[in-house]
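See below for the structure under consideration.
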Amino acid sequence: MMTRSLSAFFLCIGIALFAALLRLYTLGLQMPYFYQEDEGHHFNRTVNMVKRGEMNPHYFNKPSLHFYIRMPAVLAGYAWEKSRGRAQSLDDIRTYNRYGLAGYAYTASHPNVVKAVRAVSVLLGVALVVLTFLTAKTVTGSIWAAAGSSLLTAVSPDLIKHSGIIGVDILMAAMCWAAVYIGLVYLKSGKPLHLILCAVFAGLAISSKYNALPIIAVPGLAVLLSGAIKRREMAIAAAVPLIAFFAASPFILIELDRFVKDIGYEVWHYSVAGHEGHTASPGIEQAIFYLLWLSESAIGPAGLAASAAGLALMLARPSKATLLFLSFPLLLFLEMILQKANFTRNMIAFIPFIAISASAALAAIRRRLPSELLAAAASLTFVIIIIAEPLSLSLNERATLLAERDSRDAASEWLNSNLEGKSTAISGQIMMPPHLLYRSDVRSFDQDKFSSPDLFLDGYDRIVTGHWGAWSEPPSYLMKAAEFDGVNEKERIVKNPAIVIYDLRRSDALLAAVDDRAQLCTECSLPMREVASGKLSCSGEPAEAEQFCWIGKRVVRINLPSSFLEKIESGPSRIDLEIMTPWPGQTVRLWHDSSPQEEILTESTPGRWENVSVLIDKTKLSSPSSISLYVEKLQSPFKAGLSQDKRLLGAAVKTLTISSER
């Protein structure tokens with residue numbers, strides 16, 4: 001008996017390690033990008049809870065246990081990143097992106113934190129394989145059947161895929177099958193502790209995902225089937241799941257109105273509205289949909305056929321253990337086929353049932369064979385037949401997924417090699433890796449609102465954009481520097497977008513467009529006022545605090561009072577500017593005739609105020625009542641590490657004086 005138990009133990013451990021090996025690649029899959037809407041949302045919400053030190057998710061479309069069990073993983077991932085010098089505080093983990101769905105960042109700033117959180121899912125996926133082994137052994141009494149069912153669960157393509165996703169489904173499946181297995185143990189032992197544990201896991205399953213509600217039947221049915229129906233046992237079966245549910249999602253009781261609203265939406269979504277691309281008529285159509293899914297990508301046709309045979313054999317001579325085992329998966333199947341929406345992830349918990357039912361057929365075959373050698377050969381053949389196709393599908397899918405390359409990876413590599421000397425604006429909508437935006441000469445922009453002249457005014461000479469909308473038909477002054485194929489439309493969740501990198505060619509057409517923008521742009525006007533005869537000084541915010549005006553656009557105008565204009569009209573005049581730039585290599589010129597002209601400042605020492613002069617006449621006015629300045633370089637002092645000022649700045653002007661040149 002000891003040898004048999006040890007064999008079962010080591011066999012189970014071996015299959016669990018095999019399952020873990022198949023799932024390891026999902027930890028970093030598609031990083032740093034989130035392709036699954038719920039995964040990106042749940043990761044960012046969990047990180048935000050850790051940042052705030054808050055246990056209330058303020059969200060009950062899903063119960064709360066899912067968030068709680070992942071919070072320690074966030075801290076573990078952060079500790080790893082901090083030890084490697086890649087994070088100084090939790091706030092360094094970016095969770096907000098105004099371009100992302102619901103304001104969440106769908107490109108991870110710290111992929112290793114994501115991997116740590118995904119590792120929880122992988123461990124739960126491996127635990128589900130172990131629970132399948134234990135449940136099959138308990139139901140069939142056969143180690144071969146346990147091995148076959150757990151192997152089939154281990155190689156299931158959809159289970160492998162979901163084992164690496166930050167979501168509620170794999171957690172729900174593990175909790176449900178823990179409840180079923182411990183319920184079977186209670187059926188044999190009759191011990192109240194086993195019933196309590198069964199009821200606790202049933203409550204935790206529902207606190208993982210509301211769709212697990214059918215598991216509530218298992219503790220009560222276990223009591224009924226045990227034959228020892230007592231008030232204490234029935235009270236445990238009824239009360240403990242409820243206590244466990246609220247213990248794992250306690251803030252439902254505090255925000256009951258939100259809970260009612262959120263769960264009401266989920267019921268409406270699943271049963272009334274359906275979901276675009278994931279809808280079928282309740283009943284037979286839904287049943288066919290899920291059976292086809294099981295055959296094609298969850299378990300394979302051989303496993304499904306064997307499961308049908310095993311189910312028929314179990315129903316022909318049902319034991320108490322069989323009835324308890326069947327209760328949850330059949331109720332779950334009934335629940336799902338009565339909905340209008342159909343997501344295959346909702347049936348992840350059904351896969352172990354198919355695998356265990358198939359193993360029942362294997363156990364029946366073994367019992368009918370005359371010799372152990374023949375039984376072993378038949379068992380091995382049976383297991384190979386049922387796992388061959390799903391294993392092949394899983395390995396092929398793994399190879400396909402690992403070979404996929406997002407266009408943003410290729411674009412990032414190109415930019416890393418070609419950024420020097422080019423101030424670059426990157427479309428926020430394509431959600432490039434955040435490390436690019438940490439550079440002082442790079443920022444994001446809204447490609448639905450900004451045009452190329454706008455970006456030139458902001459100091460940019462290169463534009464990285466998604467290939468849709470106005471940017472799919474660029475003006476002549478946008479020269480294509482690189483292009484990366486992908487999706488040519490705006491996406492709800494960005495995946496492999498078509499990306500074009502343009503360089504701005506300083507043609508007459510571009511400069512004319514910039515001139516038009518500068519004349520209308522309120523930020524392109526320096527707030528200077530006449531403080532003495534022939535002298536202008538800065539006024540207004542932020543000038544009153546700083547006593548000078550920052551130039552925050554490539555082209556800015558200074559409106560001249562009538563006394564200045566009269567001097568210019570009467571003949572050549574000299575303008576003296578008190579000016580400073582924080583940037584080495586900065587150039588400042590007069591702007592007129594829709595282009596930068598006379599040089600005013602060059603090779604200046606950063607941070608040093610200088611007095612510069614330029615001759616001017618009425619031909620050098622940028623408009624009838626103003627002169628304009630052009631700066632070559634705009635940067636953020638914050639990104640350059642000079643201050644906390646995040647504005648784009650080029651130079652600063654204190655005073656402007658005018659005198660006649662006669």
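Leaving ligands, DNA and RNA out of it, report the carbon-plus-sulfur percent of the accessible area of the chain at a 1.4 Å probe.
Carbon and sulfur: 59 percent of the exposed surface of the chain.
Counted residue by residue at 0.36 nm each, then reduced by the alpha carbon distance between them, the extension gain from PHE18 to ALA388 reaches 131.7 nm. Give the angle, between 0 and 90 degrees and rounded to the nearest 10, that separates the Cα long axis of helix 65-83 from the longest principal axis of the Cα atoms of the chain. Between the helix axis and the principal axis of the chain, the angle is about 50 degrees.
Straight-line reach from LYS230: taking Cα to Cα under 16 Å and skipping same-chain neighbours fewer than 8 places apart, the lysines in range are LYS191.
Per residue, the range 464-617 exposes 48 Å² of solvent-accessible protein surface, assessed with a 1.4 angstrom probe and all protein chains in place.
In this structure, the residue pairs whose Cα-Cα separation is over 27 Å, taken from LYS161/LYS261; LYS449/LYS620; LYS51/LYS633; LYS495/LYS646; LYS82/LYS639, are LYS161/LYS261; LYS449/LYS620; LYS51/LYS633; LYS495/LYS646. A cysteine counts as unpartnered when no other cysteine's C-beta lies under 4.7 Å of its own; in the chain this applies to CYS12, CYS176, CYS198. Calculated FRET efficiency, SER281 and GLU37, Cβ-Cβ r, R0 22 Å, to nearest 0.05? The pair SER281/GLU37 has a calculated efficiency of 0.35. Between LEU615 and GLN547, the modelled labels are 3.4 nm apart [label points 7 Å from Cα along Cα→Cβ]. Using only Cα atoms, find the angle between the long axis of helix 37-52 and the longest principal axis of the chain, and express it within 0 to 90 degrees, rounded to the nearest 10. Once rounded, the angle reads 70 degrees.
Descending by average beta-carbon neighbour count within 10 Å, the peptides 594-601, 647-654 line up as 647-654, 594-601, the highest first.
Relative to the longest principal axis of the Cα atoms of the chain, the long axis of helix 284-293 lies at roughly 80 degrees. Using the Cβ-Cβ distance between LEU291 and GLU255 with R0 set to 60 Å, the FRET efficiency works out to roughly 0.95. Would you work out if the range 203-334 is rounded, prolate or oblate? Take a ≥ b ≥ c from the square roots of the eigenvalues of the alpha-carbon gyration tensor; rounded if a/c is under 1.5, else prolate when a/b is larger than b/c, oblate otherwise. Oblate is the answer for the range 203-334, as a/c is 1.5 or above yet b/c matches or exceeds a/b.
Write down the accessible area per residue of the range 250-343 in Å², having rolled a 1.4 Å probe over the full set of protein chains.
52
Relative contact order for the range 463-515: what percent, with Cα pairs under 8 Å and sequence separation of 6 or more?
43
Legend: calculated FRET efficiency, LEU6 to ARG98, from the Cβ-Cβ distance at R0 = 41 Å, rounded to 0.05, equals 0.10. Under the definition of Cα pairs under 8 Å and six or more residues apart, what whole-number percent is the relative contact order of the chain? Rounded, it is 11 percent for the chain. The residues of the range 1-56 have, on average, 48 Å² of accessible surface per residue, using a 1.4 Å probe with all protein chains present. Heavy-atom accessible area for MET479, with the other protein chains in place and a 1.4 Å probe, reaches approximately 100 Å². You can think of it this way: the chain between ALA228 and SER89 has 44.4 nm of extra reach, that is 0.36 nm per residue less the Cα-Cα gap. Labels on offer are (1) 97, 54, 45; (2) 92, 82, 62; (3) 120, 48, 48, and the one holding Cα extents along the principal axes in Å computed from this structure is (3).
The values are calculated or read from the model by the stated rules, or taken from the named source; none is laboratory data. Not measured: the values here are computed from a predicted model. Here the Cβ is made from the backbone with ideal geometry for all residues, glycine too, and neighbour counts use every protein chain on show. Remember, those area values only see protein heavy atoms, side chains included, never the ligands or the DNA or RNA. Shrake-Rupley method; radii C 1.70, N 1.55, O 1.52, S 1.80 Å.
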